[in-house]
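Below is one structure. I have some questions about it.
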Amino acid sequence: KNEVEQSPQNLTAQEGEFITINCSYSVGISALHWLQQHPGGGIVSLFMLSSGKKKHGRLIATINIQEKHSSLHITASHPRDSAVYICAVTGGSQGNLIFGKGTKLSVKP
Amino acid sequence: NAGVTQTPKFRVLKTGQSMTLLCAQDMNHEYMYWYRQDPGMGLRLIHYSVGEGTTAKGEVPDGYNVSRLKKQNFLLGLESAAPSQTSVYFCASSTRPGQGTQPQHFGDGTRLSIL
């Protein structure tokens with residue numbers, strides 16, 4: 001079993017829809033990260049959180065430490081949000097990330 | 001502010017050839033990492049470094065070597081390339097874990113094909 005599980009693997013939405021991507025993890029963590037990767041592009045950090053909720057523009061990330069679960073929400077989705085969203089956790093002293101397999105989001109106009 | 005820069009961006013090698021991937025960061029970060037990304041799999045840690053002159057193995061280190069002679073640079077070497085090493089390689093850097101809520105910063109990746 002992977003230490004970080006994401007769902008769904010693929011997601012297609014219409015422009016304007018509210019989107020939720022889920023992440024569950026099975027290890028102890030110091031922080032959880034949400035990353036964005038555009039096709040053929042690099043990886044950008046969206047959020048790093050260890051408790052509660054963070055918001056940046058139309059993106060909201062939440063984490064429930066007791067349930068070992070996090071969600072990434074996108075409000076009023078737009079075609080430019082189309083990308084792969086990756087959940088990752090840090091737990092060890094070396095600080096490396098343990099990654100989920102990613103969720104490929106496609107937002108249709 | 002360049003952040004994390006990887007060179008080259010693309011490379012095609014023949015089996016058995018050697019090459020070095022360079023990662024440079026200008027943020028004075030202590031920690032640096034090399035990951036590989038393969039279809040259907042999450043990124044996996046190859047090697048990492050917690051400071052100048054130190055390196056350590058990650059999850060998938062076989063076939064790779066690394067060096068961190070200068071704090072800003074982290075080199076990934078393939079001594080004898082194999083088709084199984086065809087992948088996209090990402091370098092990342094961060095401050096020391098525990099020193100505030102700082103994320104990892106990633107380079108744009110190196111697409112490597114081994115024929």
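Provide the net charge surrounding B:Val66, with neighbours chosen by a C-beta distance below 12 Å and charges set as Lys +1, Arg +1, Asp -1, Glu -1.
With Lys, Arg at +1 and Asp, Glu at -1, the net is +1.
With springs connecting C-alpha atoms under 10 Å apart, model chain B as a Gaussian network and identify which of B:Lys14, B:Lys57, B:Lys71 has the largest mean-square fluctuation.
B:Lys14
Next question. Could you tell me the total accessible area buried at the B-A interface, probe 1.4 Å, in square angstrom to the nearest hundred?
That pair hides around 1500 Å² of surface in total.
Something else: Would you work out which of B:Val12, B:Val88, B:Gln37 lies farthest towards the positive end of the dipole of chain B? Charges go on Cβ: Lys and Arg +1, Asp and Glu -1.
B:Val12
Going by Cα centres, region A:61-94 and region B:5-50 are how many Å apart?
24 Å
With an 8 Å Cα cut-off and a minimum separation of 6 or more residues, compute the relative contact order for chain A in percent.
It comes to 37 percent, rounded to a whole number.
So, for the protein assembly as shown, what is the accessible surface per residue at a probe of 1.4 Å, expressed in square angstrom?
48 Å²
I'd like the per residue volume of the convex hull spanned by the Cα atoms of chain B, given in cubic angstrom.
For chain B, the hull spanned by Cα atoms encloses 98 Å³ per residue.
Same structure again: Report, in debye and to the nearest 20, how large the dipole of the protein assembly as shown comes out about its Cα centre when Lys and Arg carry +1 and Asp and Glu carry -1 on their Cβ.
In total the dipole reaches around 180 debye.
May I ask you to find the residues of region B:36-71 that are shielded by at least 10 Å² of accessible area once the whole protein assembly is considered instead of their isolated chain (probe 1.4 Å)?
Buried by 10 Å² or more upon assembly, which counts only protein chains, are B:Gln37, B:Gly40, B:Met41, B:Gly42, B:Leu43, B:Leu45, B:Tyr48.
Could you compute how much accessible surface B:Asp108 exposes when probed at 1.4 Å, giving the result in Å² to the nearest 10?
That residue has around 100 Å² of solvent-accessible surface.
Could you derive backbone 3J(HN,Hα) for region B:20-36 from the dihedral phi with the Karplus parameters 6.51, -1.76 and 1.60 (θ = phi - 60°), listing whole Hz in sequence and x where the residue is Gly or Pro?
So the Karplus estimates, Gly and Pro as x, are 10, 9, 10, 10, 10, 10, 10, 10, 6, 6, 6, 9, 9, 9, 10, 10, 10 Hz.
Restrict the search to region A:8-68; then list the chymotrypsin sites (Phe, Trp or Tyr not before Pro) that DSSP places in a loop and that have at most 16 other Cβ atoms within 10 Å of their Cβ.
The qualifying sites are A:Phe18.
What is the local net charge at A:His78, summed over the other residues whose Cβ is closer than 14 Å to its Cβ (Lys, Arg +1; Asp, Glu -1)?
Spelling it out: positives minus negatives among the neighbours equals 0.
Show log10 I(q)/I(0) for the protein assembly as shown at q = 0.15 Å⁻¹, two decimals, from a solvent-free Debye sum over equal Cα scatterers.
-0.99
Could you work out what % of the accessible surface of chain A is carbon and sulfur, using a 1.4 angstrom probe and leaving DNA, RNA and ligands out of the count?
Looking at chain A in its full context, I get 49 percent from C and S.
Could you give the C-alpha radius of gyration of chain A expressed as a fraction of 2.2 N^0.38 Å, taking N as the number of residues it contains?
Ratio of Cα Rg to 2.2 N^0.38 Å: 1.02.
If the only charges are +1 at each Lys and Arg Cβ and -1 at each Asp and Glu Cβ, what is the size of the charge dipole of chain B around the Cα centre, to the nearest 20 debye? Write out the running numbers ahead of the final one.
Details: 11 positive and 8 negative charges, 30 e Å.
The dipole magnitude comes to about 140 debye.
Another question about this same structure. With +1 assigned to the C-beta of every Lys and Arg and -1 to the C-beta of every Asp and Glu, and no other charges, what is the dipole magnitude of chain A about the Cα centre in debye, to the nearest 20?
120 debye
Would you be so kind as to list the residues of region A:33-49 that have their accessible area lowered by at least 20 Å² in the full protein complex compared with their chain by itself (1.4 Å probe)?
A:Gln37, A:Gly40, A:Gly42, A:Ile43, A:Ser45, A:Met48
The values are calculated or read from the model by the stated rules, or taken from the named source; none is laboratory data. Keep in mind that this is a model prediction, so the values were computed, not measured. Positions of Cβ are generated from backbone atoms using ideal geometry, with glycine treated the same way; all protein chains shown enter the neighbour counts. When the accessible area is computed, the model is the full protein with side chains, heavy atoms only, and any ligands, DNA or RNA have been set aside. Shrake-Rupley method; radii C 1.70, N 1.55, O 1.52, S 1.80 Å.
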